[in-house]
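See below for the structure under consideration.
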Amino acid sequence: MKKFVIALVVIIIISLAATGVFYYLRYFGPNVTDKQEYLYIRTGSTFDEVYKTIREQGIVKDTTTFLWSAHNMKYLRVKPGKYRLKSGMSNRSFINMLKAGNQEPVTLLFHNLRLKDQFAGFVSKKIEADSVSILRLLDSAKFAEQYGFTTDNIYTVFIPNSYQFYWNTSADKFFKRMYDNYQKFWTPERKQKAADIKLTPQEVSVLASIVDAEALHDDEMPTIAGLYLNRLNKGMKLQSDPTVIFAVNDFTIKRVLNRDLITNSPYNTYMYKGLPPGPIMMPSVNAINAVLDYKKTDYLYMCAKADFSGNHAFATNEADHRVNARKFQQGLNDRNIKR
């Protein structure tokens, strides 16, 4: 009888130990694979949808223990986001990360993107919002008006820099974040400098986009900005080739022809006086600052130098400008650049 009791106790102990190991491994044993670097959970997803993704992408080795652990840990409220997966994570660690919403932020670095649709496409690769939803906001007159913009100049909201977002950012939240940054960028000092040259912040950015498109070297930007301000103040047409290229919508052009100059577009500064209604590209911060801190000169004309160094030959009168222009045109001919 005594031996029977002892044997029974041993069996119970072994059973309890086995059960303990079983539950321990379910919770704390490695289960996450190395097949995926991230788990993306879209906004509005249900647990069943998350579980389906985990199963179909082979994110865990044992889906049964994951499901069992999720129910026991009461993983009911799904939080969207981009979650970094570490090979060998246990069910407990994995589920705790999802429950807490401990997602990894994404870094968004942008500059010199020419068009709104290019920008929307670039951003949509980094956050949950797709390019259609982003463009829908930027092309909405009602939405732009809420923030004091038009659909033409709303692109000036985006100040080139490096930003961090959570992946599950909507188009509306993305814009609001960019607008908050825009307001911080336009300090009272910058606003005063804009007022001193009789331009709004949006107009400064529009002019800066032209300066940026013209200048290959940043050290020329203040001079180019000053030249265009001189022309604006005298009521002269800006006559900027990059605005014509934008109007023609052919960014492969290396030589602007006479037929391009008659393109009927409000962005064609050979045809219309003043600034175009919006930027012709996303201006850099250096270009914006170059307009605000422009160099005072008497220059009214400029032309790319014939040595193709990227620098410009500046002139105060049309006669000197024509000489510079002929040299550059000859340089184009010498290099057989027809278009």
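Descriptive notes on the structure:
- In this simple spin-label approximation, Q330 and N317 carry label points 7 Å from Cα along the Cα→Cβ vector, and these lie 2.1 nm apart.
- Cβ charges +1 (Lys, Arg) and -1 (Asp, Glu), total dipole of the chain, debye: 1180 debye
- Positive minus negative residues near G274 (Lys, Arg vs Asp, Glu; Cβ under 11 Å): +2
- Per-residue packing, averaged as other Cβ atoms within 10 Å, sorts the ranges 83-94, 172-183, 205-216, 317-328 into the order 205-216, 83-94, 172-183, 317-328, beginning with the highest.
- Solvent-accessible area of the chain (1.4 angstrom probe, protein heavy atoms only): carbon and sulfur portion equals 51 percent.
- Averaged over its residues, the range 221-339 has an accessible area of 51 Å² per residue, based on protein heavy atoms and a 1.4 Å probe.
- Lys/Arg +1, Asp/Glu -1 at C-beta; the chain dipole; positive extreme among S284, F110, F94: F94
- Loop-located trypsin sites (Lys or Arg not before Pro) in the range 226-258 whose Cβ has at most 11 other Cβ within 10 Å (DSSP): K234, K254
- You can think of it this way: the chain between A195 and K295 has 34.3 nm of extra reach, that is 0.36 nm per residue less the Cα-Cα gap.
- Check: the range 256-339 dipole with +1 on Lys, Arg Cβ and -1 on Asp, Glu Cβ, in debye: 240 debye
- Net charge dipole, the range 164-321: roughly 480 debye, given to the nearest 20, about the Cα centre with Cβ charges of +1 for Lys and Arg and -1 for Asp and Glu.
The values are calculated or read from the model by the stated rules, or taken from the named source; none is laboratory data. Since we're looking at a predicted model, the values are computed, not measured. For neighbour counting, all protein chains shown are included, and Cβ atoms are generated from backbone atoms with ideal geometry for every residue, glycine included. Surface areas here come from the heavy atoms of the whole protein model, side chains and all, with no ligands, DNA or RNA. Shrake-Rupley method; radii C 1.70, N 1.55, O 1.52, S 1.80 Å.
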